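Single-structure report; data block below.
The values are calculated or read from the model by the stated rules, or taken from the named source; none is laboratory data. Just so it is clear, the model here is predicted, and its values are computed rather than measured. Every residue, glycine among them, receives a Cβ derived from its backbone with ideal geometry; neighbour counts consider all protein chains shown. When the accessible area is computed, the model is the full protein with side chains, heavy atoms only, and any ligands, DNA or RNA have been set aside. Shrake-Rupley method; radii C 1.70, N 1.55, O 1.52, S 1.80 Å.
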Amino acid sequence: AHNLESWNDAAPMPGVRSVCQPMIAPLFDGRQELESLLVWAKGLGVNALAKHKDAYDYVKASWSMGNWEDALRAGVVGTPRSTRFPGLNRTKASALASAGMGAAGSGPVDLVVLPHANVHDGRFSGLSWLMELPEPTSKLVWDNAAVMSPATAKTLGTKESDWVKVGDTKIPVLVQRGVAPNTVIVHMGYGRTAGAGTGDNVGVSAAPLMANGRLVLGATVSPADGAQHPMVRTQSTFDQRGRHLAASGTKDEYVQDNEFVKHRTHVPPLDQIDPEWDYTKTHKWAMAIDLSACTGCTSCVIACQSENNIVAVGKEECSQGRDMSWISLDRYESGPDENPVIDQQPMLCMHCDNAPCESVCPVNATVHDDEGLNLQVYNRCVGTRYCSNNCPYKVRRFNFLNYQRQLIEDPVQELMFNPNVTVRMRGVMEKCTFCLQRINAAKYEHANAGTTMPDGAVRTACQQACSADAITFGDVNAKNSAVKRARESDLAYNVLEELNVRPNVTYLARVRNPHPSTVEKKAAHGKGGHH
């Protein structure tokens, strides 16, 4: 039985215990691991377990403190305790550092085998969502690789998509800025041959590399023969090319000019051709994203995928730019290869007030509503893709193939879809809806109760999943709402504001506080009338 069909308990942190309750009755004639262990133990004559008829009875009996009902209601029991960790052993750390191979190009490399950010050690490699979720650093999908810096690749005489042998394992190369010199990183979780379903025969197994542990100093890496291996990244460039898309600055810049971000882009006087929308009589939905808080973890991406029935399309379709994710977590790099400055930026439909997609749709499938939302009417869409061509943010996705229907082979598989969101068929354009289904649910709830919807009543899926609270969503017409305050921040700016599309997603520029010794001296940028 699946975890969501099973009884269990857990100790998630010191001092805290939790009861794991099943969400649904078992769909098939199966039993959970604990129940199998009980049956086997009874068969071996463990008399102490004979009184427990099933896993539920065993879990309940193990909570002998008399708080079973309270634990079921609360979910957890106890108070977290602080845990002491050993201090840094500088002597050992220095010895480990000095055992490395020195500067780039001076001999064998250090091999580091790490759990993958998405599929971990392979336990999640059967989930196509996670296989297609871009790896946060490289944006690589459906693969793992020997990750190395440009300097190390040059020393080895290899380039991206070439093959190398790490010990006796042949693996393709991925060149990534910011990797330490003379270091090769290989992620676990790939190369499975059975048991992973969609994850079988994807990538290369890192298991043979771990015979001597997950860190091997002085590993042998050499070029290998073979046709180039297609490495599919969902982001084609990591350079902002002079545009201030993911704006950032230092604390000193902010102190000198707290509106420094507004002087980064020249915005000419903007004319309004179309009539202004009147949002004063209803809600006006908007989002703000704090780039200082965003860690680039991609939780928002996978939350959006699960909330909105977004399909995984596979490596071949991704290689043609046909990935369907409604949010991309864009990563930009600047500075030297060995230590680049990184900027992360979630990018989604901006729900523009002057939406360029709306004016070019010949069948009125992409429309604006009186609450500031850019809507997609699937039943009208005929797949011209004019809206995608006219979108400067490139955040609209076209459903090229009938992915979802071919996945549903029996009624149980339909349970993987959110029933509050439609399942789209082939030939329609898709994009972020600001979780319209959640907006409507909150509106109906408060309308039926005769109450005013408070600030924070609607939380989008991406906002709910963000552990850094980088995303704020709400009604800018609501007095003192969180999103309104964010949009009034000194750091607030709009991407491609000079196009006058009037986006309803506002970004707060990232502010860094680097050590003075690491900051390159720059000429001061005077205040001016760029904005």
ask   = Looking at (1) touching a helix residue (DSSP H, G or I) at 6+ places or on another chain (Cβ under 7 Å); (2) not in a strand (DSSP E or B), which is the only condition ALA48 fails?
value = (1)
query = So which strands (runs of 3 or more DSSP E) stay within the stretch 317-416 end to end and still have 3 or more residues that are touching a residue at least 60 places away in the same chain (Cβ under 8 Å)?
reply = 328-334, 341-347
query = Hey, does the stretch 152-167 have a residue that's over 16 Å from HIS229 (Cα atoms), among the hydroxyl-bearing types (Ser, Thr, Tyr), open to solvent by 30 Å² or more (accessible area, probe 1.4 Å) and in a loop (DSSP other than H, G, I, E, B)?
reply = no
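Residues checked against (1) touching a residue at least 12 places away in the same chain (Cβ under 8 Å); (2) open to solvent by 40 Å² or more (accessible area, probe 1.4 Å); (3) aliphatic (A, V, I, L, M):
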residue	(1), (2), (3)
ALA145	yes, no, yes
ILE185	yes, no, yes
ALA206	yes, no, yes
ARG214	yes, yes, no
ALA219	yes, no, yes
VAL232	yes, no, yes
SER236	no, yes, no
LYS251	yes, yes, no
LYS262, sole failed condition from (1) buried (at least 19 other Cβ atoms within 10 Å of the Cβ); (2) closer than 27 Å to GLU160 by Cβ; (3) at pLDDT below 90 = (2)
task = Looking for whichever is surrounded by fewer than 17 Cβ atoms within 10 Å (Cβ to Cβ) and in contact with a strand residue (DSSP E or B) (Cβ under 6 Å, 6 or more places away or on another chain) here; the options are VAL367, VAL382. Which one fits?
result = VAL367
key: Residues of the stretch 60-80 satisfying the condition of being within 35 Å of the chain's Cα centre (by Cα), surrounded by 10 or more Cβ atoms within 10 Å (Cβ to Cβ) and either over 24 Å from GLU5 (Cβ atoms) or among the β-branched types (Val, Ile, Thr) (or both)   = VAL76, VAL77, GLY78, PRO80
note = Residue hits (the stretch 15-35; aliphatic (A, V, I, L, M) and either open to solvent by 70 Å² or more (accessible area, probe 1.4 Å) or over 25 Å from PRO80 (Cβ atoms) (or both)) are MET23, ILE24, ALA25, LEU27, LEU34
query = Is there a residue being exposed (fewer than 14 other Cβ atoms within 10 Å of the Cβ), out of contact with any Lys or Arg (no Cβ under 9 Å at 6 or more places or on another chain) and at pLDDT below 85 anywhere in the stretch 104-127?
reply = yes
task = Quick one: in the stretch 257-276, of everything that is outside any loop (DSSP other than H, G, I, E, B) and touching a strand residue (DSSP E or B) at 6+ places or on another chain (Cβ under 8 Å), which residue is nearest to ASP370 (Cα to Cα)?
result = LYS262
remark   = Exactly one of CYS300, CYS294 is assigned to a helix (DSSP H, G or I), over 22 Å from ARG426 (Cα atoms), of a type outside the set (Phe, Trp, Tyr) and touching a strand residue (DSSP E or B) at 6+ places or on another chain (Cβ under 7 Å), and that residue is CYS300
Answer residue from the stretch 370-379, given it is closer than 19 Å to CYS435 by Cβ and polar (S, T, N, Q) and is most open to solvent (accessible area, probe 1.4 Å) among those = GLN376
request  = Kindly indicate whether ASN399 is closer than 12 Å to TYR378 by Cβ and at pLDDT 85 or above.
outcome  = yes
key: Qualifying positions in the stretch 386-425 - exposed (fewer than 14 other Cβ atoms within 10 Å of the Cβ) and among the charged types (D, E, K, R)   = LYS394, ARG405, GLU409, ASP410, GLU414
inquiry  = For the stretch 440-449, check the following and say yes or no: at least one residue is aromatic (Phe, Trp, Tyr), surrounded by 19 or more Cβ atoms within 10 Å (Cβ to Cβ) and modelled with pLDDT of 90 or more.
reply    = no
Matching option when the condition is out of contact with any strand residue (DSSP E or B) (no Cβ under 7 Å at 6 or more places or on another chain), at pLDDT below 95 and open to solvent by 40 Å² or more (accessible area, probe 1.4 Å), among ASN354, ASN309, ASN339 = ASN339
